[in-house]
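The values are calculated or read from the model by the stated rules, or taken from the named source; none is laboratory data. As the structure is a computational prediction, the values presented were derived from the model and not from experiment. Every residue, glycine among them, receives a Cβ derived from its backbone with ideal geometry; neighbour counts consider all protein chains shown. Note: accessible area is taken over every heavy atom of the protein model, side chains too, but ligands, DNA and RNA are not part of it. Shrake-Rupley method; radii C 1.70, N 1.55, O 1.52, S 1.80 Å.
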Amino acid sequence: MDEAPAPTPLRGLAWLRTVPATLFLCGLFVLVFAAEWYVWRRFGYATFVTLFIATPDPSVGWLLASLAHLPTDPRHLVSSVVQLLLFGGVVERRLGRRRFLALAAVAGLATTGAQVAWYVSLGVSGGAAGTLGASGVVLAMTALVVVDSVRYRVATGDWHGEVTWLWVFFGSVIAGQAVFGLVALAAGTAEVGVVGHLTGVAIGLGVGLARPTGAVLRSGDARYRS
C-alpha cells in the first residue's frame, strides 16, 4: 500500500530544514531589529543613525543598513521575513547556500549604495542622505525567482512545481510595485528608497538572465524545486 503524503504543515517544516541560510538571514533581520529598538530607546536617535544608517560618510551603518528596518514599524520587518522565506528559500535551493549568501551581500551593499548615491546627486548631505532597509535584498531574491522560473517554463513547457506559477505571479506583482515607484520618484513624492528597490530588482533580473541555461534546467531536479 502506498504511503500517505505528509500533512502540509509537516511538509512545510521539512522544506524549511533545507534552507538554513535563508533562516539564518531571517534571524539576522530579527536580531538587528531588536538591537535597533534597544539602541533607539536606550541611547537615542543619533546613536541609532551611526550604527544602522548608511550615509555618505563611512560608518558601521554601512554594514548593518541592509539588514535593518525602522524600529518604529515592525510591519516592515514582518513583510521582509515572510517575503524572504517565500522567495529567498527558493533561491537558496536553486543556487546553493554560498551563492545565495553572496547574492544577499552584494544586493545589500549595491542597493544601499545606489540609494545613498541618489540622495547625494540631489544635493542632500549628512544624515538626511542616509538610508536603511532590507527591501533591496528581498527584491533581488524575488526578481530572480520570477526570471529563473519563467526561463525554465519557456525551455521545458512546465513549471518547477505545482505552485511555482503562484510564486511567479506574486513575485511579479511585488517587483512591479518597485518599478512603478518610478512614477512617484519622477513626481517627487517618493517616500521610500525607490532607487534602492529598483537596484534590487535589476540585480535579481540580471542574475536570473545571466544564469547558464544548463543551470536553469538543472533547477527542475527534485532537490532544487520550490
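Whether a residue is more than 21 Å from residue 140 (Cα to Cα), part of a helix (DSSP H, G or I) and in contact (Cβ under 8 Å) with a residue 12 or more places away in the chain was assessed, and residue 51 passes this test.
All conditions but one from (1) over 12 Å from the mean Cα position of the chain (by Cα); (2) at pLDDT below 95; (3) at negative phi apply to residue 44; the one that does not is (3).
Of the residues screened, residue 96 is not one that is closer than 20 Å to residue 34 by Cβ, of a type outside the set (Lys, Arg) and open to solvent by less than 50 Å² (accessible area, probe 1.4 Å). Of 31, 64, all but one fail to be among the aliphatic types (A, V, I, L, M), in contact with a helix residue (DSSP H, G or I) (Cβ under 7 Å, 6 or more places away or on another chain), open to solvent by 40 Å² or more (accessible area, probe 1.4 Å) and not in a loop (DSSP other than H, G, I, E, B); the exception is 64. Within the range 162-171, being surrounded by 16 or more Cβ atoms within 10 Å (Cβ to Cβ) and of a type outside the set (A, V, I, L, M, F, W, C) holds for 164, 171. The set of residues from the range 67-76 being crowded, with 19+ Cβ neighbours inside 10 Å and within 19 Å of residue 42 (Cβ to Cβ) comprises 68, 69, 71. I'm trying to understand the selection: among the residues of the range 121-158, which are surrounded by fewer than 24 Cβ atoms within 10 Å (Cβ to Cβ) and on the phi > 0 side of the Ramachandran plot? The answer is 123, 126, 157. Considering 182, 132, 198, 139, the condition of being closer than 24 Å to residue 33 by Cα, at pLDDT below 90 and not β-branched (Val, Ile, Thr) is satisfied by 132 alone.
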